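The values are calculated or read from the model by the stated rules, or taken from the named source; none is laboratory data. All of these numbers come straight from a predicted model, not from anything done at the bench. Don't worry about glycine lacking a Cβ; one is built from the backbone with ideal geometry, like all the others, and counts go over all protein chains shown. Calculation scope for accessible area: heavy atoms of the full protein, side chains included, ligands and nucleic acids excluded. Shrake-Rupley method; radii C 1.70, N 1.55, O 1.52, S 1.80 Å.
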Amino acid sequence: MTARRPNIIYIVSDDLGYADLGCYGGREAPFGAVSPHIDALAAGGLRLTDGYANAPVCSPTRFALMTMRYQYRVRGGMEEPINSHSKGSTTLGLPTDLPTLPSLLRDAGYATALVGKWHLGYPPTFGPLRSGYDEFFGIMAGGVDYFTHCSGTGEHDLFIGESAHKEVGYLTDVLSQRAVATVRRQAPAARAGKPFLLSLHYTAPHWPWETRDDADVAAKVAANLFHPDGGNVDSYRRMIHHMDEGIGTLVAALRDEGLLEDTLIVFTSDNGGERFSDNWPLVGGKMDLTEGGIRVPWIAHWPAVIPPGSVSAQHAMTMDWSATLLELGGGRAHPDHPLDGVSLAPVLRDPSQAFERPLYWRMKHRDQRALRRGDWKYLKVDQHEYLFNIRSDARERANLAPRHPVLFEQMRADWLAWAESVPTIPDDAKVSLGYSAKDMPQR
C-alpha cells in the first residue's frame, strides 16, 4: 500500500437507480453506452453489489455522509427530506458544532471543497463553510432548474461560498467544470504532499427532466420543479450521460496532473432511483425501504491500492464509506461523537475480505422499518411485516416469516433494540412527497 495519504474525490449522484449504469447491468441507450467513464472506474477498481444508502431520500443520507453517524441523531436528519421552505430555520440543518468528515479531514491537513448540492440547511445558521469545507460552489436546496439555477420557491440558488453567483450553463456541466478547475488548482499542493478532499455532489439525474438540449423546458417547470408531466427514459439516460462525461473529464485531469494513482474516487447515489430509473432486479425506489429505495451503486477507484476488476458483496451504507475516508485520510473521530460508520479500508486493500455488518433503517413515511443482516432482511411497511432472504430473493417477493418464525422474531427484536438507541422521530417531522398516485400509477 502506498504510504501517501490519498487525495479523495467523493462523487454523489442524485436519485440514481441500481441498474442505471452499464457496470450494474444497465442497457445501452440509442445513443450508445450510458456511463462509459463510470464503468471504467468500476473496471479499474472495486464494485460493491450490496452497498446501501443511509436513507431512501436525499437529505437524511447527506446527514449520515457528513457526520458518519445515523442521521436520526440529528433533528434535521428526521425530515423526509428537508425542503426549500425550511429556509430560515435554526433547527433543520447540520449543526455547526458537530464534527464532520470535511472538518476532521481538514484538521488532519486536507484542503476541503464541496462542488454541488449541500441540502443540509441554509445560512446564516447552517452551511458548507460552517461545517468543514474551505470552499463551496453549488446549491443549498434539494433541487434546482438546470438552466435558471432557481429552486422550487423560485429563488436563485447557486453560490460561491455564501454569496449568490450568476453563471450561464447547464448545471451538470457547470459543476463538472468547477470540479476540474478545483483539481487543477489543488494539484501543485497535492503533489507537494498536501492532499485534498473534493466532494462532488451532482444533482443529476434528479428532476426536472432536462438534458443539455432542453433549455426551453425551464420556463415550463418554473412553477413546479417536480415536472410531473414531463421527462422520459431517453432524457433521463441523457442526464446520466452528461454527468458521466463530466466525470470522464475529471479523471482525465487527474491523470494529466499525475494524481490519478494516489487519488481515491468513490462514486454512489444518495438513494435509490425515482420515476425513470432502472432498479432491476430490485423493487421500489425513492422513499421506500424495499431494496430499490436503498441499494445503490458503490464504486471505489484507487490504482495504488485497489486491485482492478474487484467485486465485493460486503454490506455497507453511506456512513461506512465516510468513516473509511476519514481513516484513510488520517483523521480521528471526536470522542464525544463516536462513529456509527465502520471503515471499509480492509476491503479496499483486499476485496476478498468480508465482515458481518448489520444495517438498520427507519422512515416516518409509511411507518417503515428495515434490518439487513447477512442474507436476511426484516421489513415493515405500513402495518405489514416481512422476512426475506435477499441473497435468493432480491425482489422481496417471497415472505418467509411464516416459515422462519423464530428468525423473524429475532430480527424484529433486534430492530426494536436498535431503535431504542436513537432518538424517536418527533411528531412535527415532515414527509414531503412531490407527487402521488394522481400523477402516475403506484409502483
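For the reader, a short list of remarks on this structure follows.
- Cα-only radius of gyration and Dmax that characterise segment 122-237, units Å: 15.7, 52
- Additional length obtainable on full extension of the chain from THR249 to ALA192, 0.36 nm per residue less Cα span: 18.2 nm
- The amide H of ILE82, built 1.01 Å from its N in the peptide plane, has SER59 as neighbours under 5 Å, considering only residues 5 or more places off or on other chains.
- Scattering from segment 12-90 was approximated by placing one identical point on each alpha carbon and applying the Debye formula without solvent; log10 I(q)/I(0) at 0.14, 0.19 1/Å stands at -0.63, -0.88.
- Relative to the compact-globule estimate of 2.2 N^0.38 Å, the Cα radius of gyration of segment 1-46 comes out at 1.44.
- Ignoring lysines fewer than eight residues from LYS286 along the same chain, the ones with Cα atoms less than 30 angstrom from its Cα are LYS87, LYS117, LYS220, LYS364, LYS377, LYS380, LYS430, LYS438.
- Each label point was placed 7 Å from the Cα along the Cα-to-Cβ direction; for ASN389 and ILE160 their separation is 5.9 nm.
- Using a Förster distance of 41 Å, the FRET efficiency for ARG397-THR90 (Cβ separation, nearest 0.05): 0.35
- A 1.4 Å probe run over the protein chains yields, for segment 1-110, 30 Å² of accessible area per residue, whole-number rounding.
- Taking Lys and Arg as +1 and Asp and Glu as -1, the other residues whose beta-carbon sits under 15 Å from that of ARG75 total +1.
- Relative contact order of the chain, defined on C-alpha pairs under 8 angstrom at six or more residues apart (%): 25
- For the chain, the carbon plus sulfur part of the accessible surface works out to 52%, probe radius 1.4 Å.
- VAL431, VAL217, ranked by accessible area, largest first (probe 1.4 Å): VAL431, VAL217
- Principal semi-axes in Å for segment 200-333 [√(5λ), Cα gyration tensor, largest first]: 30, 20, 14
- Using a simple spin-label model with pseudo-atoms 7 Å out from Cα toward Cβ, ASP173 and ALA345 lie 4.1 nm apart.
- Under conditions of 20 °C and 1.002 mPa s, segment 321-443 yields 123 µm² s⁻¹ as its translational diffusion coefficient, taking Rh as the Kirkwood radius over Cα pairs in the Stokes-Einstein equation.
- Inverting the pair-averaged 1/r between distinct Cα atoms of the chain gives 21.7 Å as its Kirkwood hydrodynamic radius.
- Within the shell defined by Cβ-Cβ distances under 15 Å, the residues around SER421 carry a net charge of +1, with Lys and Arg each +1 and Asp and Glu each -1.
- Furthest towards positive pole of dipole, PRO124, ALA316, LEU41, structure part the chain, Cβ charges: ALA316
- Kirkwood estimate for segment 19-147, i.e. one over the average of 1/r between Cα atoms, Å: 16.4
- In terms of packing, defined here as the mean over residues of other Cβ atoms within 10 angstrom, the peptides 324-337, 37-50 line up highest first as 37-50, 324-337.
- Proportion of all alpha-carbon pairs of segment 97-143 beyond 17 Å (%): 29
- Charged-residue dipole, Cβ positions (Lys, Arg, Asp, Glu), segment 1-48 about Cα centre, Debye nearest 20: 360
- Amide N of segment 294-314 lying under 14 Å from the label point, which is placed 7 angstrom from the Cα of GLN353 along Cα→Cβ: 305-307, 314
- Projected label distance in nm at LEU433 and ASP234, using a 7 Å step from Cα toward the beta-carbon: 3.1
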